[in-house]
Each structure stands twice: as structure tokens, then as C-alpha cells.
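To start, the structure under review is shown below, and the notes come after it.
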Amino acid sequence: MRVNLERHMKHVLRGDALKNALRFAAYLKANEMAHTGVHCEVHYKGQCACYLLAEKKTWRIWTQGEYSREQGDVPMDERMKEIARANVSRCVNCGNGCSTGNTKIIFGKEFTNVCNAVMMFRNPDAEALECVKRLIDMRRHEIVRR
């Protein structure tokens, strides 16, 4: 059953968190990415682009993909890389197939114990949301190349 994402976000979020979540929902729609709920995988062309959860005054986005270097026509300046690295998701044995975590290179820097959902952003502000969009755009390029 498809959930109205915007309506749900208005129900559980407030203030800047709501404003940024609605911007993200508009980004998903504009880029033809499908979601099935508010705790779900977000798909692009049938492949997972990211994960989304919105509940209890909080929303989170987990990225999926390869981030060892920039991909496609998606610019990642040093500030965006810094934001991405600050949000690397550590493995907590969540059942995402990465028990004990992986070693990953994130824009030139090595990280250990990384979850398959490479980065997690909790209530991203406008700047972090811009980073998330760029990471997802990189994932979209990766999907198209397959």
C-alpha cells in the first residue's frame, strides 16, 4: 500500500525537520523515485537508491551505493565530502547483510565497520540535505550504468 509521504511527514515532524523532509519528498517525486511507505526502500529504476524512515518527530535517510570517488556529473566539494564522512553509518548488526561491517573508502578516506547502508542522516538540515541529494544522484548514475 502506497503511503502519502508528505501527509505522513506533516503528521510526525515539525519546524525545520518538516520543511527539509518536504523538500526531500519533492526531490524524490521530481526524480521519479518510488517509495512504498515511511519506513521503506526508495527505488530508482527498480533498484534501491536509499532508505527512509519518518517517525516520532525524527526522520532518517540511509544511503546506498559506492562513494569511493565522485560519479557522473555530481559535484562533491570538500564541504560535501566532509558532511558525508561525518555521517558514515557503523554496523550495529541490523540485519542488512553486513554483520561486523565492511571496510569502505569514502571520498578518499578509509572507514571500518561500515553498514551496507553506507551513511545515515538524522533530521538533516538544509546543507546536509543537499549532500544527501548529491549522494543519491551519484547512486542514480551508478544504477543507470548497470
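The values are calculated or read from the model by the stated rules, or taken from the named source; none is laboratory data. Nothing here was measured: the structure is a model prediction, and the numbers come from that model. Neighbour counts run over all protein chains shown; Cβ positions are idealised from the backbone, glycine included. In case anyone asks, the SASA skips ligands and DNA or RNA and just uses the protein heavy atoms, side chains included. Shrake-Rupley method; radii C 1.70, N 1.55, O 1.52, S 1.80 Å.
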| request: Take every Cα-Cα distance within the range 22-64, group them into 5 Å bins from 0 onward, and report for each bin the whole-number percent of pairs it holds. | output: 6, 24, 34, 27, 7, 2, 0
| query | If we count every other residue with Cβ under 11 angstrom of Asp77's Cβ, Lys/Arg +1 and Asp/Glu -1, where does the sum land? | reply | -1
| Name the GluC sites (Glu not before Pro) in the range 38-72 that are in a loop by DSSP and that have at most 16 other C-beta atoms within 10 Å, would you? | Glu66, Glu70
| request: Could you check how much of the accessible area of the chain is carbon and sulfur, as a whole percent, using a 1.4 Å probe? | output: 46
| How much area per residue is accessible in the chain when the probe is 1.4 Å and only protein heavy atoms are counted (Å²)? | 54
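On a 30 Å Cα-Cα criterion, which of the cross-link pairs Lys29/Lys109; Lys19/Lys45; Lys10/Lys109; Lys19/Lys81 come out too long?
In this structure, Lys29/Lys109; Lys10/Lys109 exceed 30 Å between Cα atoms.
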| Is it possible to state the helix-based mean residue ellipticity at 222 nm for the chain, with each DSSP H run of 4+ residues giving -39500 (n - 2.57), the sum divided by total residues, to the nearest 500 deg cm²/dmol? What is it? | -11500 deg cm²/dmol
| said: Hydropathy at least -1.0 by Kyte-Doolittle, axial extent at least 24 angstrom from the Cα trace: which helices of the chain, defined as entire DSSP H runs, fit? | reply: 126-145
| remark: For the chain the mean separation of alpha carbon contacts under 8 Å (6+ apart) over residue count, i.e. relative contact order in percent, is 25
| field | Model label zone, Leu53; criterion: amide N under 13 Å from point 7 Å along Cα-to-beta-carbon; scope the range 111-145 | value | 117, 120-123
| Roughly how many debye, to the nearest 20, is the charge dipole of the chain about its Cα centre, given +1 on each Lys and Arg Cβ, -1 on each Asp and Glu Cβ, and no other charges? | 400
| Cα gyration tensor category, rounded, prolate or oblate, for the range 97-146 with a/c compared to 1.5 | oblate
| query | What percent of all Cα-Cα pairs in the chain falls in each 5 Å bin, counting up from 0? | reply | 2, 10, 20, 23, 22, 15, 7, 1, 0
